[in-house]
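A.B. asks: Please see the structure below; I have some questions.
The values are calculated or read from the model by the stated rules, or taken from the named source; none is laboratory data. What you are looking at is a predicted structure, and each value in this text was computed from that prediction instead of being measured. Cβ atoms come from the backbone with ideal geometry, glycine included; neighbour counts cover every protein chain shown. In case anyone asks, the SASA skips ligands and DNA or RNA and just uses the protein heavy atoms, side chains included. Shrake-Rupley method; radii C 1.70, N 1.55, O 1.52, S 1.80 Å.
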Protein chains: 2
Amino acid sequence: MRVTLHVCTTCKANMPLAEGETPLGARLYAAILAGEAPEGVQIVGVECLSACKEGAAVALSAPGRWSYVYGRMTEADAADILSGAAAYARAPDGLVPWRERPTIFRKQSLARIPPMES
Amino acid sequence: MRVTLHVCTTCKANMPLAEGETPLGARLYAAILAGEAPEGVQIVGVECLSACKEGAAVALSAPGRWSYVYGRMTEADAADILSGAAAYARAPDGLVPWRERPTIFRKQSLARIPPMES
């Protein structure tokens, strides 16, 4: 199963951006791309996940699975985000046992959406 | 196009629940069901959208479309939620022009997720 990790590349985490400063989202996206992409996970940058007050935000989704959005992420979380995405890809239904989720996924969930009916 | 409006029925909006009190989510779900379901919208109750701190939460989704999660909803918002869901169902790609979105959708977005690649 191929799952998608969306990373908001424009997120400024609700803060003003100094001239020449790279947005937090772009820094997070770069840090994630610099890591090793887990098997079955495609990493896609996206302009705005509409979670600006709780950014930077990332989302995990795949057909037939629950989708998840996580917030308040920084570059320091890149490795944990990748390992959480790997666990999501491995879980047959996308439901990762609670204890196997990275702490940032347990504590910084913004929302989840049930699988779509097609 | 048939779209789904998910309503969290268990949401307590991060507050303790008094004995015998009906959770805010259940009250919101009842208020939405008491309204007129817009054409092309199916209303589905769900236990927890993992947006507890910003509840009550609702989500709009459909195959091939952006998904949206909105928060801090109360029973008083039921009519606006239904009209927002109707606009989402009518928009061919689910992208409702900004000015045609209910104010609660403009101001209380928790997150959106890009369409899935199937």
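A.B. asks: When you go through B:Glu117, B:Glu47 one by one, which is the residue that is farther than 23 Å from A:Val58 by Cβ, among the charged types (D, E, K, R), within 14 Å of chain A (Cβ to nearest Cβ) and surrounded by fewer than 14 Cβ atoms within 10 Å (Cβ to Cβ)?
C.D. replies: B:Glu47
A.B. asks: Still on this structure, please answer the following. From B:Ala56, B:Ala31, grab the single residue that is away from every other protein chain (no Cβ under 14 Å), open to solvent by less than 60 Å² (accessible area, probe 1.4 Å), touching a helix residue (DSSP H, G or I) at 6+ places or on another chain (Cβ under 8 Å) and among the hydrophobic types (A, V, I, L, M, F, W, C).
C.D. replies: Every option except B:Ala31 fails the conditions.
A.B. asks: When you go through (1) facing chain A (nearest Cβ under 9 Å); (2) within 13 Å of B:Ala85 (Cα to Cα); (3) over 10 Å from the mean Cα position of the chain (by Cα) one by one for B:Ser61, which number turns out not to apply?
C.D. replies: Checking B:Ser61 against (1) facing chain A (nearest Cβ under 9 Å); (2) within 13 Å of B:Ala85 (Cα to Cα); (3) over 10 Å from the mean Cα position of the chain (by Cα), the one that fails is (3).
A.B. asks: Go through the stretch A:3-21 and count every residue that is in a loop (DSSP other than H, G, I, E, B) and either over 28 Å from B:Tyr70 (Cα atoms) or in contact (Cβ under 8 Å) with a residue 40 or more places away in the chain (or both).
C.D. replies: 8
A.B. asks: A follow-up question, please. Checking B:Ser50 against (1) polar (S, T, N, Q); (2) out of contact with any strand residue (DSSP E or B) (no Cβ under 6 Å at 6 or more places or on another chain); (3) assigned to a loop (DSSP other than H, G, I, E, B), which single condition isn't satisfied?
C.D. replies: Of everything listed in (1) polar (S, T, N, Q); (2) out of contact with any strand residue (DSSP E or B) (no Cβ under 6 Å at 6 or more places or on another chain); (3) assigned to a loop (DSSP other than H, G, I, E, B), B:Ser50 misses just condition (2).
A.B. asks: Do you know which residues across the stretch A:91-108 are outside any loop (DSSP other than H, G, I, E, B), open to solvent by less than 40 Å² (accessible area, probe 1.4 Å) and either under 14 Å from B:Ala51 (Cβ atoms) or not β-branched (Val, Ile, Thr) (or both)?
C.D. replies: Result: A:Phe105, single match.
A.B. asks: If you don't mind, there's one more thing I want to ask. Test B:Pro63 against the criterion of being open to solvent by 10 Å² or more (accessible area, probe 1.4 Å), touching a Ser or Thr at 6+ places or on another chain (Cβ under 8 Å) and of a type outside the set (S, T, N, Q), and give yes or no.
C.D. replies: Yes; evaluated as a whole, the condition is true for this residue.
A.B. asks: Looking at the stretch B:66-90, which of the residues that are open to solvent by less than 10 Å² (accessible area, probe 1.4 Å) and part of a loop (DSSP other than H, G, I, E, B) is farthest from A:Cys48 (Cα to Cα)?
C.D. replies: Here the answer is B:Met73.
A.B. asks: Consider the stretch A:37-95. How many of its residues are within 12 Å of B:Ala111 (Cβ to Cβ), of a type in the set (S, T, N, Q) and in contact (Cβ under 8 Å) with a residue 40 or more places away in the chain?
C.D. replies: The total comes to 2.
A.B. asks: Residues of the stretch B:9-27 being in contact with a strand residue (DSSP E or B) (Cβ under 6 Å, 6 or more places away or on another chain) and crowded, with 23+ Cβ neighbours inside 10 Å, which ones?
C.D. replies: Matches in the stretch B:9-27: B:Gly25 only.
A.B. asks: Look at A:Gly25 and say whether it is small (Gly, Ala, Ser) and part of a loop (DSSP other than H, G, I, E, B).
C.D. replies: no
A.B. asks: Now, a different point. Does A:Met1 satisfy the condition of being within 14 Å of another protein chain (Cβ to nearest Cβ) and at pLDDT below 90?
C.D. replies: For A:Met1, the condition - within 14 Å of another protein chain (Cβ to nearest Cβ) and at pLDDT below 90 - is met.
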